[in-house]
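Everything below concerns the one structure shown next.
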Amino acid sequence: MDKEQVGEVLAEIAVLLELKGENPFKSRAYINGARAIEMLSAPLGQLVAEDRLGEVKGLGAALQQKIGELVRTGRLGYYEDLKASVPPGLLEMLKIPGLGPKKVKALHDHLGLESVEALEKACREGLVADVAGFGDKTQIRILEGIAFQKTHASRHLYIDALEAAEPVMEALRGHPDVIRCALAGSSRRHKEVIGDIDFVVSSKAPSNVLDFFASLPSVEKVLAKGETKTSVILAGGLQADLRVVADAEFAFALAYFTGSKEHNIVMRQRAIERGLRLNEYGLFRSTEETRDPALRVGCSTELEIFQQLGLHYVPPELREDRGEFAIAEKEPLPRLIEWTDLRGSLHNHSVWSDGRGSLEEIAHQMLEIGCAYWAITDHSKSSFQANGLDPARLRAQIIEVRRVNEKLAAEGCDFRLLTGSEVDILNEGRLDYDDELLAELDVVVASIHSGFSQTETELTTRLIRAAENPYVHMLGHLTGRLLLERDAYKVNQEAVIDACAETGTWIELNANPHRFDMDWRQWAYARSKGVRCVINCDAHRFEHAGYLRLGAGIARKGGLTKGDVVNVLALGDLRKALAGKRSRKNPNP
Ligand code: DGT
Ligand code: CA
Ligand code: CA
Ligand code: ZN
């Protein structure tokens, strides 16, 4: 087991202990242990092998023994017994937004509730409101949480779909009976949330490929198996459909199973207008439905299908019938941004607030993966839960960034850290630092982290005020949404975009796959107003650097080109752009 997995087990033990009402100090010890393990810089396996866990701060003898067992055997008897002693329904209840272990335990103790269904019934009967510490408001919130969960249960984050799809793609590609193979559906269109995964394969031996697919190790359950299609549930609970067609049909099947329904309807209509028929098997010279190969207009690629229908090529991300046809009829679509155009991220955290990694570590990691710059924008003091920096610590951090940069320069590296802050937008749009301090920073991201329940007018005003501050370069995660967890807070996004256009403020595309915020649907309007986008990782640890790629996918979905995005600029040009708004001369070059 690696340290992430060990950390997860320890954290789960803490939750289980709380559910059982054990001594809170005991549960705390596991939480601290989990954190200590995840923060380790030395390899965990080595520490265990050399019997040196005692050197890690915050690990008592009992935890050391359990971690050793986990690392050596991949299992822990204590954890398994503990898990078996807690009704599984309680763990399900924990997934409802707003319900933590203490509340779930109270519901179990007082009402004997052991499942989400029983909880819902008890809420409807008004029993939950009478439990000490709950009340009417909480009862309503639990019901809302259950409803939210029901509507989202069968939907998945893009990153989870991608992680489930990649090994399947790899396996299919390697099969001798597979000619061509592609991911289709909403995953190929890069939707932020995915229903099921769709694969399309061409083959001369469909049943071999379908059998192979159904027997893959990551398949948990086969839902349906036909002659050309198989549906399965993959580990993690995602459904996946595979269609197998002849190679002459491949481009048509791929286009059909990629385009959203709305996009496909327009495509079919265009075929009919030309005296043709389009379906998943081909484009046919026919006025009625057919799949007769003798009538097929041969197309070996999607590009040829678009051309046959009088269109320029439409990239998969744009196949939503949201304006792509009006352009593709007349001219080539704008060349969308590529993730390799990006040179760094301008919103990231370090161990100074709630991230991992020292400034020096981060600099070397980002240099290693080929970035040209990386802004350190830790939280400001009001975000105390995230260990936000007071002005004195921020000033100390600025000095440390300079020291790291001087070292990099001395080593002959072109890479630079940028100083910065993710400054909290407080009530009425005041910022958490004064202008004098903000003016010292290379990069200022302003974000809302509190007061989500304010009215639309209040929240919109706060954002507009922040945009009006000359030292704020960009607004961070505009709506605060957490996909499948928390709705966007109420903001008039158009009004905020207008204010950004007027003040020369950029808007972040937060590339964290839980956020993807601002939503891709708003970028066309922002673009029309000349508001530029910054694709930010909001990295809290090294692995999050990979979000740049996901963020670029969402930017493509929003129709953004390289010219619309700030962090494609080389460092010198970026510095000029950062100075732009402050000098008030050329705020939105
Ligand atoms: P999802 O799975 O809900 O995230 O969204 P999609 O877009 O992947 O939808 P899905 O899996 O139901 O179907 C895959 C593709 O097949 C979809 O992008 C469009 C196409 N398709 C499926 N059913 C129909 C249909 O009844 N009519 C048309 N025109 N296209 C369809
Ligand atoms: Ca799908
Ligand atoms: Ca499907
Ligand atoms: Zn934030």
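Applying the criterion of at least 3 residues that are within 14 Å of ligand 2 (Cβ to nearest atom) and surrounded by 19 or more Cβ atoms within 10 Å (Cβ to Cβ) to the strands (runs of 3 or more DSSP E) found wholly in region 236-291 leaves 239-245. For Val209, the stated conditions do not hold, so it cannot be described as closer than 14 Å to Ala246 by Cβ, modelled with pLDDT of 95 or more, away from ligand 4 (no atom under 16 Å from the Cβ) and not in a helix (DSSP H, G or I). Here Ser450 passes the criteria (1) open to solvent by less than 30 Å² (accessible area, probe 1.4 Å); (2) modelled with pLDDT under 95 except the one numbered (1).
Of all residues in region 334-348, those satisfying the criterion of being assigned to a helix (DSSP H, G or I) and either touching a residue at least 24 places away in the same chain (Cβ under 8 Å) or of a type in the set (A, V, I, L, M, F, W, C) (or both) are Trp339, Asp341.
When restricted to residues that are assigned to a loop (DSSP other than H, G, I, E, B) and in contact (Cβ under 8 Å) with a residue 24 or more places away in the chain, region 407-433 contains 7. Taking first residues from region 81-92 that are part of a helix (DSSP H, G or I) and partners that are small (Gly, Ala, Ser) and open to solvent by less than 40 Å² (accessible area, probe 1.4 Å), the Cβ contacts under 6 Å between residues at least 6 apart in sequence or on separate chains come to Gly89/Ser115. Being out of contact with any His (no Cβ under 9 Å at 6 or more places or on another chain) and open to solvent by less than 50 Å² (accessible area, probe 1.4 Å) is the filter; apply it to region 90-104 and report the residue that is farthest from Gly21 (Cα to Cα). Top of the filtered list is Ile96. The residue pairs whose first member lies in region 251-265 and is under 20 Å from Val193 (Cβ atoms) and away from ligand 4 (no atom under 16 Å from the Cβ), whose second member is of a type in the set (A, V, I, L, M) and assigned to a helix (DSSP H, G or I), and whose beta carbons are closer than 7 Å, counting only pairs six or more residues apart or on different chains, are Gly259/Met267. Applying the criterion of being touching a residue at least 40 places away in the same chain (Cβ under 8 Å), within 19 Å of Gly476 (Cα to Cα) and part of a loop (DSSP other than H, G, I, E, B) to the residues of region 354-395, the residue that is farthest from ligand 3 (Cβ to nearest atom) is Lys381.
Pairs meeting the criteria (first residue in region 189-203 and at pLDDT 95 or above and within 12 Å of ligand 2 (Cβ to nearest atom), second residue assigned to a strand (DSSP E or B) and hydroxyl-bearing (Ser, Thr, Tyr), beta carbons under 9 Å, at least 6 apart or on different chains) are Asp196/Ser231. Scanning region 212-233 for residues that are assigned to a strand (DSSP E or B), at pLDDT 95 or above and open to solvent by 60 Å² or more (accessible area, probe 1.4 Å) yields a count of 1. Taken over region 459-480, the criterion of being of a type in the set (Asp, Glu) and closer than 25 Å to Ile554 by Cα is satisfied by no residue. Kindly check whether there is at least one residue in region 178-193 that is open to solvent by 40 Å² or more (accessible area, probe 1.4 Å) and within 16 Å of ligand 3 (Cβ to nearest atom). Yes, some residue in region 178-193 is open to solvent by 40 Å² or more (accessible area, probe 1.4 Å) and within 16 Å of ligand 3 (Cβ to nearest atom). Those residues that are of a type in the set (S, T, N, Q), exposed (fewer than 15 other Cβ atoms within 10 Å of the Cβ) and either touching a strand residue (DSSP E or B) at 6+ places or on another chain (Cβ under 9 Å) or under 13 Å from Ala253 (Cα atoms) (or both), I need them from region 292-327; list them, please. Residues satisfying the conditions are Ser300, Thr301. In the condition set (1) closer than 19 Å to Leu311 by Cβ; (2) within 16 Å of ligand 2 (Cβ to nearest atom); (3) polar (S, T, N, Q), Ser186 is compliant with all but (1).
Within region 53-70, the set of residues being under 33 Å from the mean Cα position of the chain (by Cα) and open to solvent by 30 Å² or more (accessible area, probe 1.4 Å) comprises Lys57, Gly58.
Within region 194-209, the residues that satisfy the criterion of being buried (at least 22 other Cβ atoms within 10 Å of the Cβ) and more than 16 Å from ligand 1 (Cβ to nearest atom) are Ser202, Ser203, Val209. A single member of Glu144, Glu170, Glu166 is within 22 Å of the chain's Cα centre (by Cα), more than 16 Å from ligand 3 (Cβ to nearest atom) and under 30 Å from Lys261 (Cβ atoms), and it is Glu166.
The values are calculated or read from the model by the stated rules, or taken from the named source; none is laboratory data. It should be emphasised that the depicted structure is a prediction, and the values quoted were computed from it without experimental measurement. Here Cβ is always computed from backbone atoms with ideal geometry, including for glycine, and neighbour counts include all displayed protein chains. Just the protein is used for accessible areas: all its heavy atoms, side chains included, with ligands, DNA and RNA removed. Shrake-Rupley method; radii C 1.70, N 1.55, O 1.52, S 1.80 Å.
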